[in-house]
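Okay, structure first, notes after.
The values are calculated or read from the model by the stated rules, or taken from the named source; none is laboratory data. Every value quoted in this text rests on a predicted model; they were computed, and no experiment measured them. Counting neighbours? That spans all protein chains shown, and the Cβs are built from the backbone with ideal geometry, glycine included. Surface accessibility is based on the protein's heavy atoms, side chains included, excluding ligands, DNA and RNA. Shrake-Rupley method; radii C 1.70, N 1.55, O 1.52, S 1.80 Å.
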Amino acid sequence: MTSTTSSDSAQTPGKAPAKDPWDLPDVSGYVVGVLGGTGPQGKGLAYRLAQAGQKVIIGSRAAERAQAAAQELGHGVEGADNAETARRSDIVIVAVPWEGHGDTLKALRDALAGKLVVDCVNPLGFDKKGAYALRPEEGSAAEQAAALLPDSRVTAAFHHLSAVLLQDPETEQIDTDVMVLGEERADVEIVQALAGRIPGMRGVFAGRLRNAHQVESLVANLISVNRRYKAHAGLRVTDV
C-alpha cells in the first residue's frame with residue numbers, strides 16, 4: 001500500500017524549506033542616524049526609535065541645532081552634523097526636505113559609503129488644490145538616492161507616518177504598516193525589523209526600488225484624507 005503526502009507538507013529532496021518572511025534579524029545593536037533629524041518626521045522617528053531602545057544620532061547641517069534637538073528628545077539621543085552622523089551610524093535614515101535631497105546626498109557620498117541608507121523622502125508639490133506627487137528624473141527619491149550613492153545599500157521606508165503621532169508622547173503606539181522597498185532581501189529585512197521596534201508598527205516588503213514612486217506618491221492621498229477627516233491616517237496591509 002503506498003502512502004501519499006499532501007503538497008502543503010511535501011518538500012523537494014535536498015531543498016531547504018522556504019524562509020519564513022517574518023523571521024527577521026535582531027537589530028537592537030545597530031546605531032541609527034537620522035539626517036534631517038531636526039525636522040518633524042526625522043525628529044519623530046528619532047524619538048520613537050530611541051524610546052524603543054535604539055541608539056540614535058540625529059544630524060543637521062548645523063551640529064549645534066542637532067545637539068539642541070537631541071537634548072530635547074532625551075532617551076540617550078545624540079546630535080551631530082550630517083557628515084559625523086553618517087560616519088558614526090550603521091543605518092542612516094534620510095528625512096531631509098525634498099528640495100535639499102540631492103545636494104545633501106551628493107555631499108555625503110563618501111560618508112555614506114558602505115552604509116544601509118533608508119530613504120523616506122516624499123517628492124511633493126503643493127498648490128491651492130492641495131498636495132500632488134512630483135516625478136523625479138530618476139523615477140523616485142529612493143532611486144535618486146541609489147544613483148547618487150553607488151557605494152551604499154539604499155532602501156526606502158517610513159513614508160506614510162504621521163509626524164504628529166510620532167512626536168506625541170501621549171501616543172503609546174502607532175498602528176500602521178511600513179512599506180519597505182529594496183534590492184537585497186537582507187537589507188529589507190533589517191529595515192522591517194527596525195520598523196517593528198516601534199510599538200504598533202510592522203515592516204512589510206513592498207517590492208524593489210523601481211516601485212518606490214507610487215509608495216512615495218501615496219502620501220499626497222494621505223494628506224487629502226487627513227485634511228478631510230481631521231485625522232492622522234496610516235496604512236494597514238491585509239492578509240499578510
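The share of C-alpha pairs in the range 59-140 whose separation exceeds 19 Å stands at 46 percent.
Relative intensity of the range 6-121 on a log10 scale, I(q)/I(0) at q = 0.19, 0.20 Å⁻¹, equals -0.89, -0.98, per a Debye sum over C-alpha point scatterers of equal strength in the absence of solvent. For the range 96-108, backbone phi angles converted through the Karplus equation (6.51, -1.76, 1.60; θ = phi - 60°) give residue-by-residue couplings of 7, x, 4, 4, x, 4, x, 5, 4, 5, 4, 5, 10 Hz, Gly and Pro being listed as x. Protection proxy ranking for 119-129, 203-213, using the average of other Cβ atoms within 10 Å per residue and placing the highest first: 203-213, 119-129. Find the Cα radius of gyration of the range 73-119, compare it with 2.2 N^0.38 Å by division, and give the number to two decimals. Normalised Cα radius of gyration, the range 73-119: 1.16.
Can you tell me the accessible area per residue over the range 165-222, all protein chains present, probe 1.4 angstrom, in square angstrom? Please report the intermediate quantities before stating the final value.
On the way: 2510 Å² over 58 residues.
With the other protein chains kept in place, the range 165-222 gives 43 Å² per residue.
In the frame of its principal axes, the range 19-67 has Cα extents of 44, 19, 17 Å, reported largest first.
Near Lys55, the amide H atoms lying under 5 Å from its own belong to Val32; only residues 5 or more places off or on other chains count, and H is placed 1.01 Å from N.
Shape analysis of the range 122-240 yields a ratio of the Cα radius of gyration to the Kirkwood radius, Rg/Rh, of 0.97. Put a plus charge on the Cβ of each Lys and Arg, a minus charge on the Cβ of each Asp and Glu, and nothing anywhere else: the dipole of the chain about its Cα centre is then about 400 debye.
Taking θ as phi - 60° and the Karplus parameters 6.51, -1.76 and 1.60, the scalar couplings of the range 183-189 work out to 8, 10, 4, 4, 5, 4, 5 Hz in sequence order, x denoting glycine and proline.
In sequence order, the range 70-86 has phi-based couplings of 5, 5, 5, 6, x, 6, x, 5, 10, x, 7, 6, 4, 5, 5, 4, 4 Hz under the Karplus curve 6.51 cos²θ - 1.76 cosθ + 1.60, θ = phi - 60°, and Gly or Pro positions carry x. Ranking Ile223, Ile190 by solvent-accessible area of protein heavy atoms (1.4 Å probe, all protein chains present), from largest to smallest, gives Ile223, Ile190.
Within the assembled protein chains, the solvent-accessible surface assigned to Asp103 is about 110 Å², based on a 1.4 Å probe.
The Rg/Rh ratio for the range 46-89 is 0.95, where Rg is the radius of gyration of the alpha carbons and Rh is the Kirkwood radius. Near the amide H of Val154, within less than 5 Å, lie the amide hydrogens of Val117, all on another chain or at least 5 residues away, with H placed in the peptide plane. Placing a pseudo-label 7 Å from each Cα along the Cα-to-Cβ vector at Thr238 and Tyr132 gives an inter-label distance of 3.1 nm. Per-residue SASA remark: Ser217, around 20 Å² accessible (1.4 Å probe; ligands, DNA and RNA not included). For the pair Glu170 and Glu99 in one chain, pulling the backbone fully straight at 0.36 nm per residue adds 22.4 nm over the alpha carbon distance. Please return the longest range in the chain lying between exposed loop sites, taking GluC sites (Glu not before Pro), DSSP loop only, at most 10 other beta-carbon atoms within 10 Å, and leaving the sites out. Result for the longest clean stretch: 1-136.
Among the lysines of the chain, pairs at least eight places apart or on separate chains and with Cα atoms under 25 Å apart come to 8. Remark on the chain: ratio of C-alpha radius of gyration to 2.2 N^0.38 Å is 1.08.
Kirkwood Rh and Cα-based Rg: tell me the resulting Rg over Rh for the range 118-171, rounded to two decimals. Write out the running numbers ahead of the final one.
Values: Rg = 14.1 Å, Rh = 13.1 Å.
That ratio is 1.08, to two decimals.
Using a 1.4 angstrom probe, figure out how much accessible area the range 51-101 has per residue, in square angstrom, rounded to the nearest whole.
Numbers: 2410 Å² over 51 residues.
Computed with neighbouring chains in place, this is 47 Å² per residue.
With n ≥ 4 as the cut-off for DSSP H runs, can you work out [θ] at 222 nm for the chain, using -39500 (n - 2.57) per run divided by the number of residues, rounded to the nearest 500?
Working: 8 runs with 80 residues, N = 240.
Calculated mean residue ellipticity at 222 nm is -10000 deg cm²/dmol.
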